[in-house]
Amino acid sequence: MREITVLSGKGGAGKTSITAALASLCPEAIYCDNDVDASDLHLIFSPQKEQSYPFEYGWEMTIDPLKCNGCQLCESLCRFQAIHVNKDGKAEMKLFKCEGCRLCERSCPQKAISAKVNRNNHWFISSTRFGYLVHAEMGVGEENSGKLVSLIRKESRALAKQQGIGYVINDGPPGIGCSTIASITGTHAVLVVIETSESGWHDAIRVLELAKKWDVPTYAIINKVDINPVLSEKINLYLKKKHIPLLASIPWSKEFVESMERQQNIIEYSQDNVLKASLQNVWDAIK
């Protein structure tokens, strides 16, 4: 089983569009949406959820006002300023500031504070016209440490092994934080989609450097190559200098937007045979 992760650094560079296009080119794969904070691969795949599981992560603290005597000890100990005393002299929890360290629970002399496991996030195994999609949904305001990404990647690999499928293709998150690191570690190849804007190139460099630190074979696609020809040439020279294979240079096309509006990938929607051949070459190079 081989695992490929598509990244960009910058949101909106086109990595989800490229991932979705690969679904029409790869004969059989498990797809995994690693962008659990703001997943969007399902908008094209139209998945039907078959299995749903809660993701237990962190602790949610509760203060019982009937037991609290307003001693303010918890407020003084909380370094995250997640507890304040209200006008009635009772302690209240600000859940969006709480880090779930449980120091307040252990320190409360009245045993007024309790903790329960947070189950506000869920992950799914869904069927699509391209095969199985493993994806997740996070509750409002929930923080992703990368553990959820690691979990769904693990489940994707297990599902591929169970089904006898040779590929797992990950649609990665933007940035270079914990979730991106969780998307890179252990993968067999990284495909970086580079947008020809200054912010797109800046963020792509950071992803390329991150992949290099993890010693993962890395490939590149320049997307919207014609919106900034000078920068496109600069990117091309950089990739040659770093010995990073450039698999395709894709011009800007409104068909990408139109295809997403119709819940299709660009291979399904477009009549541009040159574009389709270019993306086919991408898959042939990394498969």
Study note, to complete from the structure: Of the residues in segment 256-275 that are at pLDDT below 95 and under 27 Å from PRO217 (Cα atoms), the one that is farthest from the chain's Cα centre (by Cα) is VAL274
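Evaluate the following for LEU95: is it hydrophobic (A, V, I, L, M, F, W, C) and in contact with a helix residue (DSSP H, G or I) (Cβ under 7 Å, 6 or more places away or on another chain)? I'd like the intermediate steps shown before the answer.
Values: hydrophobic (A, V, I, L, M, F, W, C): yes; in contact with a helix residue (DSSP H, G or I) (Cβ under 7 Å, 6 or more places away or on another chain): no.
No, not satisfied.
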Study note, to complete from the structure: Given the conditions (1) closer than 22 Å to TRP283 by Cα; (2) modelled with pLDDT of 95 or more, every one holds for SER253 apart from (2)
**Study point:** Sole exception among (1) of a type in the set (Asp, Glu); (2) surrounded by 15 or more Cβ atoms within 10 Å (Cβ to Cβ); (3) closer than 30 Å to ILE266 by Cβ for GLU60, by number
**Key:** (3)
Exercise for review: Find the residue count for segment 245-282, including only residues that are surrounded by fewer than 18 Cβ atoms within 10 Å (Cβ to Cβ) and either in contact with a Gly (Cβ under 6 Å, 6 or more places away or on another chain) or within 20 Å of ALA211 (Cβ to Cβ) (or both).
Suggested key: 2
Review point. Could you count how many residues in segment 1-46 are closer than 14 Å to PHE130 by Cβ and part of a loop (DSSP other than H, G, I, E, B)?
Key: 8
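Search segment 149-192 for residues being charged (D, E, K, R) and open to solvent by less than 50 Å² (accessible area, probe 1.4 Å), and hand back the single one that is nearest to ILE286 (Cα to Cα).
Restricting attention to segment 149-192, the residues satisfying the condition of being charged (D, E, K, R) are 153-155, 157, 161, 171.
From what is left, the residues that are open to solvent by less than 50 Å² (accessible area, probe 1.4 Å) are 153, 171.
Numbers: ARG153: 19, ASP171: 15 Å.
Among them, the one singled out is ASP171.
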Exercise for review: Return the only residue of LYS49, LYS97, LYS111, LYS87 being among the basic types (Lys, Arg), assigned to a loop (DSSP other than H, G, I, E, B), touching a Phe, Trp or Tyr at 6+ places or on another chain (Cβ under 7 Å) and open to solvent by 80 Å² or more (accessible area, probe 1.4 Å).
Suggested key: LYS97
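For (1) in contact with a Ser or Thr (Cβ under 9 Å, 6 or more places away or on another chain); (2) touching a residue at least 60 places away in the same chain (Cβ under 8 Å); (3) within 24 Å of GLY11 (Cα to Cα), each residue gets a yes or a no:
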| position | (1), (2), (3) |
| --- | --- |
| SER127 | no, yes, no |
| TYR132 | yes, yes, no |
| ALA136 | yes, yes, yes |
| GLY141 | no, no, yes |
| LYS147 | no, yes, yes |
| ARG153 | yes, yes, yes |
| ALA158 | no, no, no |
| ILE165 | no, yes, no |
| GLY172 | yes, yes, yes |
Point to revise | Criterion violated by VAL134 - all others in (1) of a type in the set (A, V, I, L, M, F, W, C); (2) in contact with an Asp or Glu (Cβ under 7 Å, 6 or more places away or on another chain); (3) open to solvent by 50 Å² or more (accessible area, probe 1.4 Å); (4) under 15 Å from GLU3 (Cα atoms) satisfied | key: (3)
Check your understanding: Where in segment 182-287 are the helices (runs of 4 or more DSSP H), entirely inside, with at least 2 residues that are of a type in the set (Ser, Thr, Tyr)?
Key -> 229-241
Check your understanding: Can you tell me which residues in segment 131-154 are closer than 19 Å to PHE45 by Cα, in a helix (DSSP H, G or I) and of a type outside the set (Val, Ile, Thr)?
Key -> ARG153
Exercise for review: Within segment 119-165, count every residue that is within 26 Å of LEU95 (Cα to Cα) and of a type in the set (S, T, N, Q).
Suggested key: 5
Review point. Can you name the residue in segment 28-41 that is under 24 Å from ILE222 (Cα atoms) and open to solvent by 50 Å² or more (accessible area, probe 1.4 Å) and is also nearest to the chain's Cα centre (by Cα) among such residues?
Key: ALA38
Review point. Would you call THR19 within 20 Å of GLU195 (Cβ to Cβ) and either modelled with pLDDT of 95 or more or of a type outside the set (Lys, Arg) (or both)?
Key: yes
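The values are calculated or read from the model by the stated rules, or taken from the named source; none is laboratory data. Keep in mind that this is a model prediction, so the values were computed, not measured. Please note: Cβ atoms are built from the backbone with ideal geometry, for glycine as well, and neighbour counts cover all protein chains shown. When the accessible area is computed, the model is the full protein with side chains, heavy atoms only, and any ligands, DNA or RNA have been set aside. Shrake-Rupley method; radii C 1.70, N 1.55, O 1.52, S 1.80 Å.
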